[in-house]
1. Take B:Glu377 and tell me if it is under 21 Å from the mean Cα position of the chain (by Cα), away from chain A (no Cβ under 14 Å) and either among the charged types (D, E, K, R) or buried (at least 24 other Cβ atoms within 10 Å of the Cβ) (or both).
2. Could you please give the count of residues in region B:256-305 that are away from ligand 1 (no atom under 16 Å from the Cβ) and in a helix (DSSP H, G or I)?
3. If only one of A:Val96, A:Val110 is within 14 Å of chain B (Cβ to nearest Cβ) and either assigned to a loop (DSSP other than H, G, I, E, B) or among the hydrophobic types (A, V, I, L, M, F, W, C) (or both), which one is it?
4. If you go through region A:236-250 one residue at a time, do you hit one that is at pLDDT 95 or above, aromatic (Phe, Trp, Tyr) and more than 9 Å from ligand 1 (Cβ to nearest atom)?
5. May I ask you to list pairs of residues, at least six apart or on different chains, whose Cβ atoms are under 9 Å apart, with the first in region B:319-336 being hydroxyl-bearing (Ser, Thr, Tyr) and the second being modelled with pLDDT under 95?
6. Any chance you could count how many residues in region B:138-184 are of a type in the set (Lys, Arg) and either within 14 Å of chain A (Cβ to nearest Cβ) or within 16 Å of ligand 2 (Cβ to nearest atom) (or both)?
7. Between a first residue in region A:161-173 that is in contact (Cβ under 8 Å) with a residue 24 or more places away in the chain and a second residue that is aromatic (Phe, Trp, Tyr) and surrounded by fewer than 24 Cβ atoms within 10 Å (Cβ to Cβ), which pairs have beta carbons less than 7 Å apart while being 6 or more apart in sequence or on different chains?
Amino acid sequence: MASGRDTTVKGLQAKLGNLAESEYFTPPATKPAGPENDAEYAVKGLDSLADPAFHNAPLDITDWPHDRLRGFLHRMLTIRAVEERLGELVESGDVVCPVHLAIGQEAIPVAVSHHLTPADRVFGAHRSHGHYLALGGDIYQLFAEVLGRADGCSRGMGGSMHLFAPEVGFMGSVPIVAATVPVAVGAALAAKMDKGDAVAVSYFGDGAAEEGVVHESLNLASQMNLPVLFVCENNLYASHMDISQRQPSDSTARFAQANGIPHAVIDGNDVAGTARVAGEMITAARNGGGPSYLEAVTYRWRGHVGPDENTDVGIRRSTAEIAAWKRRDPVARLVAAMTSRGDMSGNEPGAMADAIRDHVDDCAARALEAPYPENSALMDLVYAGSPTPASGGR
Amino acid sequence: MPISILMPALSPTMTEGNLAKWHKKEGDTINSGDVLAEIETDKATMEVEAVDEGVLGKIVVKEGAEGVPVNAVIGLILADGEDAASLKDAAAAPAAVPSEAPAPASAVPTVPTIPAAPRSAAPAADPDYTGATVTMTLREALRDAIAEEMRADPRVFLMGEEVAQYQGAYKVSQGLLEEFGEKRIIDTPITEHGFTGLGVGAAMAGLRPIIEFMTFNFAMQAMDQLINSAAKTHYMSGGQMSTPIVFRGANGAASRVAAQHSQDFASWFASVPGLKVVAPYSGADAKGLLKSAIRDPNPIIFLENELLYGRSFEIPQDPDFTVPIGRARIARPGNDVTICAYSMMVGHALDAAETLAAEGIDAEVIDLRTLRPLDTETIVTSVKKTNRLVSVEEGWPYAGIGAELAAQMMEQAFDWLDAPVKRVCAVDVPMPYAANLEELALPKPADVVAAAKSVLYRN
Ligand SMILES: Cc1ncc(C[n+]2csc(CCOP(=O)(O)OP(=O)(O)O)c2C)c(N)n1
Ligand SMILES: [Mg+2]
């Protein structure tokens, strides 16, 4: 364990305030006693966080000023509108590539990005439209990218699964599961060497947490005390498999614990709560406190890939389960809290959503008209600095 | 224990030959380098030289014997101090177990560019199937191959991401969980490096795993286990351990998934001694080769293609139908130019051949089917007839399958070539996403037509 750091649960509480008493920390699993179920070996589970019957009340927004919350709502509605439009483009056949939608998961990147600047280094994966948009990535350029046009954020070379927008700190998303996790740790190493206060953020899923490289990355980040925030968006599924079919516990934070990394397991559909914990962790990283691990529990409303709901797969994914999770809607819960506090009048959220949708539709329409890359672009980008050497063939 | 003299192979694809003549008789003293015997195939004759010293204790295969399988014991040498009694045990020992003495040095081609040949001989030939067939998709044919082998051999099991409950990312394992249960159709977490190693260990311990990669893009996570564990264990254990295992899944360009999800890894795997690499095009070959792969005592990389899964083919229904690994297939006979391809690209080659035919050019299309061991015999025979070779692949040109074919032709058919070998490959770039660029990056039938004409000096 890195020296001088208190990464016990107690130390973590000191660092993050008394969150441990709140709902953001999972109580220890209460497994029956038995030789193999000794407290010593018991692994924590998500408990109520994985149960959509809980955590669907309006949010606690006590300490949050009105305009911050409006900002959160705007970003979440933007992500949702963009992804709904992308889903339509898949249905209409304009987009023919795999598109992984994160509708239902919008709160997490919005909350995390609230604490980031373009100098920070953020990495995502296959389900990263929200990560990109939450940082302020350009909407038109996202549509153009998914449509494979020259104006796309990756110049049409990457598509939905390979997004890049360094101008807002988005260093990349790629579809090889877990591939960006060590890369984010490397960006954190660079930040530390630069002696600035930049941090790296690594978004990955509960499925990615099964890849060996995640464990190597956690160990490295801990041992080198690097300014990186690991954000595990635990939506309980990897493709079509329920987490209970893949791991002995439904909470991945145990991997952080094993590597001496402060961690919190939270309701990822609570934008205010997530922003609070993420803020503490990012501040710690900026101040030399090293890595943290934020496990944000959430749920995707659509299937693994494409716009449909995938109710036919997994051991519990069903119309009923999706409906139950929609009651933990991160957008509706924020709206409910804001209207009940008087931050917004009854029709204001709807008007905001309409305006956003109009803008999003306009971006999509422009992207549909945008030109494809020049054919000459095919060979131009293989190497940095010099023209591509020809290697024969064809 | 007497030392066995094994029937050597003249070429990587040779499976059997004739013992033309013995130069020594039983009781003769043997010195290293002595010519022991002459063997022949329909193409060549070769002398068998002694590596070990001693006395020729027994001639096991008599002069004039025909169709002697490669690696069969043809004679026994008694070392110093051994007497004829020990010959009895030796004769009882199984012939040609891989841990026995190597074939005499000069009999095994030692030119470093010639790939190591698998020691187990491939079955004699394509069975030229005449039994019943059913029209079904290639996906279903693969499933049937797995199911038939699982019924026949309780050691066979299937493991991978989403193979059980979800029935496979491309639905290849449809119905298998139902028939064979969770013990033999195993869903894994997202842990390619882990479950690949697990498969290798299970194979070393006596099982016959089939490991599915959702796509071969994810085999990259497992490369160390594939190369360092699966491919090398037999060799580095001195032949004591083997890894009979099949790694299968979609390989090659898929549509609109861009750089990390769209590439052909054939030449990567084909460069590794210890692996056999199979890449079928037709449904019958897919079924027959997968069955052979499951039965093979070696690690097999079995490359499927996402875009072929849904195509329908006539599929043999006899559970005894197999296709030997290491044999190419003449997919279309012709006289003017040889076109070699594998997997998806066989379709392009056949399309191109049709176009060429309309212009009076009679192309021979060879479906390589197996990329390692490569059936150079079939290719060389064809090139000796057509004097021209075009290689088609979806992979990158650099150090690709076409590069290997060109080199093999230089070594084995140089005098018969009337034009340099021409490669048709993917453009040497990561797969771009934009539709127009993706189209430009991949080989098309028209490229094959153009290449064929260029080696014929026509335009
Ligand atoms: C190395 C690798 N293995 C498998 C896949 C196929 N795959 C794509 S997404 C995915 C599930 C990932 O689940 P998770 O990390 O939980 O992310 P989520 O889809 O839930 O957002 C899988 C298995 C892949 N892209 N890369
Ligand atoms: Mg997930």
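1. yes
2. Count: 18.
3. Only one candidate qualifies: A:Val96.
4. Taking every residue of region A:236-250 in turn, none turns out to be at pLDDT 95 or above, aromatic (Phe, Trp, Tyr) and more than 9 Å from ligand 1 (Cβ to nearest atom).
5. B:Thr322/B:Pro123; B:Thr322/B:Pro127
6. Number of matching residues: 1.
7. Correct list of pairs: A:Phe170/A:Phe164; A:Gly172/A:Phe164.
Residue by residue, here is whether (1) surrounded by 20 or more Cβ atoms within 10 Å (Cβ to Cβ); (2) in a strand (DSSP E or B); (3) touching a residue at least 60 places away in the same chain (Cβ under 8 Å) holds:
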residue: B:Gly33; (1), (2), (3): no, no, no
residue: B:Leu36; (1), (2), (3): yes, yes, yes
residue: B:Val48; (1), (2), (3): yes, yes, no
residue: B:Asp52; (1), (2), (3): no, no, no
residue: B:Gly64; (1), (2), (3): no, no, no
residue: B:Asn71; (1), (2), (3): yes, no, yes
residue: B:Ile77; (1), (2), (3): yes, yes, yes
residue: B:Asp80; (1), (2), (3): no, no, no
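The values are calculated or read from the model by the stated rules, or taken from the named source; none is laboratory data. Everything numeric here is computed off the predicted structure, so don't read it as measured data. With ideal geometry, Cβ positions are generated from the backbone for all residues, glycine too; neighbour counts draw on all protein chains shown.
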